[in-house]
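Undergrad: Please find one structure pasted underneath; my questions will follow.
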Amino acid sequence: MTPNEKWIHLLGIGILALVNVVNTPISENKGFGAGLLGYSVLILLIAGQWLTIVWQVKRAWQRFAGLEQVKSRLVFSFLYSISLVTPLMLFTHFAVEKLMGYPGTEWNTGIFLSYFVNAFILCFTGIGATEAVYYYTRLRESEQEKEELLRINLLAQYDSLKQQVNPHFLFNSLNSLSSLIQVDPSKAEKFVEELSHVYRYLLQSSKDELTPLHRELGFIRSYLHLLQTRFGEGFVVTLEVPQAAQHLLIPPLTLQLLVENAVKHNEVSSENPLRLNIVVVEENWLKISNNLQKKTGAIPSEKVGLANIMAKYRLLGQLEVQVRDTGTEFIVLLPLIKHP
């Protein structure tokens with residue numbers, strides 16, 4: 001229970017207790033001590049009624065957690081709350097009668113109806129207050145998550161762009177381009193085209209939380225083309241994604257970060273080719289794997305890129321990204337996201 005929620009519930013219990021105490025005088029047959037005990041029990045029972053409603057609302061939130069499921073949640077909360085609060089009110093009546101020395105009530109339909117109406121009003125008030133607090137809390141958490149996701153996206157885009165425009169990357173790309181211009185001008189033209197596609201996608205995708213898989217694959221093919229031009233037979237790629245899966249969504253630049261990590265941390269040579277596989281498994285999972293042949297003297301990875309990917313999925317409320325290191329193969333399983 002958050003501090004704001006606690007004070008709202010205490011206020012609700014306090015108002016109800018005050019109204020009931022004012023309307024429940026001590027019988028002339030009972031002394032101050034008995035009256036004090038009666039009032040104490042009355043307040044505890046009133047608190048029990050209110051907290052029963054709060055408990056039911058929390059159960060409803062667990063069952064109907066979506067912000068769009070308000071109607072189902074309210075109906076569930078009200079029906080269960082009133083079925084519990086009405087008997088509690090009747091028990092409170094009997095307890096107060098006994099402790100305060102009132103004569104026994106002559107029950108009739110009107111009295112039962114009045115208690116049902118009171119229970120209705122109490123449930124309506126308690127559910128409304130609790131629902132308002134919960135809705136506001138969830139809405140605030142949702143906004144915070146969106147802000148955090150935007151921050152992580154911007155950091156990821158910045159880190160990715162920084163990696164691509166650093167002098168080392170440009171040197172390697174331009175060196176490959178220079179060689180192609182002399183040997184095969186048509187391939188050099190294709191290289192420039194793919195390089196421009198890579199940078200255009202990097203700049204355009206920063207504003208998106210999700211992108212269709214076919215768009216991400218179009219970008220990654222251009223990125224892989226640059227790497228394969230650079231490494232030749234030392235970099236072998238298998239990319240198998242069925243048409244049925246290409247409409248599903250994925251956070252942008254996710255594949256680029258994983259491919260970049262594979263190249264950065266493993267030896268890539270014609271003698272020991274780095275084999276990268278991008279395939280769909282079990283329909284809604286994208287499997288990215290590579291054989292492990294870590295570079296000699298390489299600096300241990302801090303896994304910042306992988307942590308960013310996992311955080312994105314978590315903030316989007318999706319299934320967890322799965323990471324496996326078998327000792328000979330590094331595997332990442334990305335959940336493919338359906339359109340809302």
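The values are calculated or read from the model by the stated rules, or taken from the named source; none is laboratory data. Remember, it's a predicted structure, so these values are computed and weren't measured experimentally. Counting neighbours? That spans all protein chains shown, and the Cβs are built from the backbone with ideal geometry, glycine included.
Undergrad: Please enumerate the residues belonging to segment 252-269 that are modelled with pLDDT of 90 or more and part of a loop (DSSP other than H, G, I, E, B).
TA: Across segment 252-269, the qualifying residues are E267, V268, S269.
To keep it simple, each residue is scored yes or no on (1) at pLDDT below 75; (2) in the same structural domain as S81 (by TED's automatic domain parsing); (3) touching a helix residue (DSSP H, G or I) at 6+ places or on another chain (Cβ under 9 Å); (4) of a type in the set (S, T, Y).
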| position | (1), (2), (3), (4) |
| --- | --- |
| T125 | no, yes, yes, yes |
| A129 | no, yes, yes, no |
| A132 | no, yes, yes, no |
| F171 | yes, no, no, no |
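Undergrad: Okay, moving on. Only one of (1) more than 28 Å from the chain's Cα centre (by Cα); (2) under 28 Å from H339 (Cα atoms) fails for R230. Which number is that?
TA: (2)
Undergrad: How many residues, within segment 327-340, are over 16 Å from the mean Cα position of the chain (by Cα) and surrounded by 10 or more Cβ atoms within 10 Å (Cβ to Cβ)?
TA: The number of residues fulfilling the criteria is 5.
Undergrad: Among (1) buried (at least 16 other Cβ atoms within 10 Å of the Cβ); (2) part of a helix (DSSP H, G or I), which single condition is A244 missing?
TA: Of (1) buried (at least 16 other Cβ atoms within 10 Å of the Cβ); (2) part of a helix (DSSP H, G or I), only one is false for A244: (1).
Undergrad: Could you check, for segment 237-247, whether at least one of its residues is in contact (Cβ under 8 Å) with a residue 60 or more places away in the chain and farther than 13 Å from Q293 by Cα?
TA: Yes, segment 237-247 contains a residue that is in contact (Cβ under 8 Å) with a residue 60 or more places away in the chain and farther than 13 Å from Q293 by Cα.
Undergrad: When you check K295 against the structure, is it among the basic types (K, R) and either surrounded by 16 or more Cβ atoms within 10 Å (Cβ to Cβ) or within 24 Å of the chain's Cα centre (by Cα) (or both), yes or no?
TA: So K295 does not fit the description; no.
Undergrad: Give the number of residues within segment 199-216 that are at pLDDT 90 or above and closer than 15 Å to L257 by Cβ.
TA: 2
Undergrad: Can I ask one more? Considering segment 321-340 alone, what residues qualify as being in contact with a Pro (Cβ under 8 Å, 6 or more places away or on another chain) and not assigned by TED's automatic domain parsing to the domain that holds T254?
TA: none
Undergrad: Within segment 234-241, identify whether any single residue is surrounded by 14 or more Cβ atoms within 10 Å (Cβ to Cβ), in the same structural domain as G317 (by TED's automatic domain parsing) and farther than 25 Å from L333 by Cβ, and answer yes or no.
TA: Checked segment 234-241: at least one residue is surrounded by 14 or more Cβ atoms within 10 Å (Cβ to Cβ), in the same structural domain as G317 (by TED's automatic domain parsing) and farther than 25 Å from L333 by Cβ.
Undergrad: Of the conditions (1) surrounded by fewer than 15 Cβ atoms within 10 Å (Cβ to Cβ); (2) over 33 Å from the mean Cα position of the chain (by Cα), R200 fails just one. Which one is it?
TA: (2) is the only condition that R200 fails.
Undergrad: What is the one condition in (1) touching a residue at least 40 places away in the same chain (Cβ under 8 Å); (2) surrounded by 16 or more Cβ atoms within 10 Å (Cβ to Cβ); (3) among the hydrophobic types (A, V, I, L, M, F, W, C); (4) over 26 Å from L149 (Cβ atoms) that V268 does not satisfy?
TA: (1)
Undergrad: Let me ask you something else. So, of the residues in segment 44-84 that are β-branched (V, I, T) and under 15 Å from Y134 (Cα atoms), which turns out to be surrounded by the most Cβ atoms within 10 Å (Cβ to Cβ)?
TA: Checked segment 44-84; the qualifying residue surrounded by the most Cβ atoms within 10 Å (Cβ to Cβ) is I53.
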